[in-house]
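First the structure, in the form of structure tokens, and then the observations on it.
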Amino acid sequence: MNMQYDFTLKFKLPPNEVDQNEVVERLGESGCDDALVGIGLPGMIGLDFTREAESAKEAILSAITDVTRAIPGARLVEVGPDFVGLSDVASVLGVSRQAVRKTMLSHRDTFPAPLHQGNTSIWHLAPVLHWLRERGMWRLDVQILEVADTAMQVNLAKDTAELVPTMRRQVRAILKRQNNHC
């Protein structure tokens with residue numbers, strides 16, 4: 001049974017793609033007629049998809065395939081929703097930012113650690129949603145969990161592919177030792 005999945009793909013366009021209207025037309029022809037296309041930043045393109053598929057994984061991977069077929073040389077920058085602040089989490093949950101912040105502060109020991117901490121902290125959405133779900137704090141749509149999990153996995157795979165193999169092995173060894181000591 002197919003379901004509808006909502007997600008965003010952001011790509012860096014190859015330097016030879018200067019006619020954005022032509023790019024949008026090719027996207028429609030290659031199967032991306034289920035996406036709203038944003039062409040605000042020169043050299044970048046964003047697509048908000050509502051794609052029907054058997055799984056979020058199938059929806060997202062097929063959309064990436066369709067985009068790269070339409071725009072050879074386009075480089076995937078990000079799949080979303082994944083990198084989020086507290087306001088984004090609140091929006092997904094349909095609650096206030098303050099409610100999410102209060103939850104985070106009252107559960108400092110167990111709330112997922114941010115990827116970036118500063119004036120604006122950034123988390124992967126999936127671990128935050130799973131943490132909330134495990135505690136029964138808010139009602140969560142299974143589809144958004146599936147999309148967030150898949151978006152995070154694609155982003156991690158994309159970023160990991162850029163690692164030098166020796167660095168990947170060294171970091172894994174360090175993390176393995178760290179996990180054995182916990």
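The table for this structure:
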read-out: Looking only at segment 30-81, and only at residues there that are within 24 Å of ASN16 (Cβ to Cβ) and among the hydroxyl-bearing types (Ser, Thr, Tyr), the one that is modelled with the lowest pLDDT; value: SER30
read-out: Output for segment 38-48, where each listed residue is in a strand (DSSP E or B) and more than 15 Å from ARG69 (Cβ to Cβ); value: GLY38, MET44, GLY46, ASP48
read-out: In segment 132-142, residue nearest to the chain's Cα centre (by Cα) [restricted to those that are free of Cβ contacts under 8 Å to residues at least 24 places away in the same chain and assigned to a helix (DSSP H, G or I)]; value: VAL142
read-out: Tally, over segment 45-61, of residues that are exposed (fewer than 14 other Cβ atoms within 10 Å of the Cβ) and more than 15 Å from the chain's Cα centre (by Cα); value: 2
read-out: Options VAL128, VAL95, VAL67; residue that is touching a residue at least 24 places away in the same chain (Cβ under 8 Å) and in a loop (DSSP other than H, G, I, E, B); value: VAL95
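The values are calculated or read from the model by the stated rules, or taken from the named source; none is laboratory data. All figures in this text were calculated on a predicted structure; none of them were measured in a lab. Heads up, the Cβs are rebuilt from the backbone with ideal geometry, glycines too, and the neighbour counts pull from every protein chain shown.
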